[in-house]
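K.L.:
Once you've had a glance at the structure underneath, I'll fire off some questions.
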Amino acid sequence: MLVEETIHWLAIKPGGFYVDATVGLGGHAIEIVRRLGAGGQFVGLDRDAAALEIARARLAEFGDKVTLVHANFSQIGEVFAERRLPPADGVICAWIATPKRRQTTL
Ligand SMILES: C[S@@+](CC[C@H](N)C(=O)[O-])C[C@H]1O[C@@H](n2cnc3c(N)ncnc32)[C@H](O)[C@@H]1O
């Protein structure tokens with residue numbers, strides 16, 4: 001997923017709430033969070049704990065604007081419910097599905 005196009009189509013509003021359900025190493029996340037302004041919130045999910053730790057380090061400068069959760073994106077409803085999150089202004093999700101993964105991990 002191309003970062004420039006993603007940012008364009010998300011049309012991020014300052015103070016908004018955005019989610020990357022496959023946050024990976026945080027490349028999209030950084031560009032989103034930079035545009036959030038005061039009061040904005042970002043939640044990133046990833047099933048890969050190692051990737052999430054890298055994202056956590058890269059996003060540390062943004063403090064409590066960022067919440068990272070070790071979860072499969074299929075659990076996004078539970079993540080929202082547990083944290084009492086409001087409806088998001090935008091959600092992105094990008095992953096590479098192989099036939100094996102589709103059968104076993106989604
Ligand atoms: C293409 S990268 C995502 C790119 C990311 N948005 C970025 O800016 O770096 C793919 C990521 O999706 C994660 N992923 C794949 N399937 C997933 C799933 N079912 N739930 C959560 N994360 C998943 C992988 O662990 C990997 O970190």
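Nothing in this text is a laboratory measurement; each read-out follows from the coordinates by a stated rule. Since this is a predicted model, take the numbers as computed values, not measurements. A quick note on method: Cβ atoms are made from the backbone with ideal geometry, for glycine too, and the neighbour counts reach across all protein chains shown.
K.L.:
Evaluate 2.2 N^0.38 Å with N set to the residue count of the stretch 6-47, then give the Cα radius of gyration divided by it.
P.N.:
Here the answer is 1.06, to two decimals.
K.L.:
Want the number for R83 to R34: 0.36 nm per residue separation, take away the alpha-carbon distance, what's left?
P.N.:
15.3 nm
K.L.:
List, largest first, the extents of the alpha carbons of the chain along their principal axes, each in whole Å.
P.N.:
Projected onto the principal axes, the Cα atoms of the chain cover 42, 31, 25 Å.
K.L.:
If I take R0 = 41 Å and measure r between the Cβ atoms of F62 and A97 in this structure, what FRET efficiency does the formula 1/(1 + (r/R0)^6) give, to the nearest 0.05?
P.N.:
Once rounded, the FRET efficiency stands at 0.85.
K.L.:
Amide H neighbours of L68 under 5 Å, counting only residues 5+ apart in sequence or on other chains, H built in-plane at 1.01 Å?
P.N.:
Result for L68 returns G44.
K.L.:
Counting Lys +1, Arg +1, Asp -1, Glu -1, what net charge surrounds E61 among other residues with beta carbon under 15 Å of its beta carbon? Don't skip to the answer; put the middle values down first.
P.N.:
Working: positive: R34, R35, R56, R58, K65; negative: E31, D64.
That works out to +3.
K.L.:
In debye, nearest 20: dipole of the chain around its Cα centre with unit charges on the Cβ of K, R (+) and D, E (-)?
P.N.:
Details: 12 positive and 12 negative charges, 34 e Å.
The calculated dipole for the chain is roughly 160 debye.
K.L.:
Next up: For the stretch 17-32, take each phi angle, set θ = phi - 60°, evaluate the Karplus expression 6.51 cos²θ - 1.76 cosθ + 1.60, and give the result in whole Hz per residue in order, putting x for glycine and proline.
P.N.:
So the Karplus estimates, Gly and Pro as x, are 10, 10, 10, 10, 7, 9, 5, x, 8, x, x, 5, 4, 4, 5, 5 Hz.
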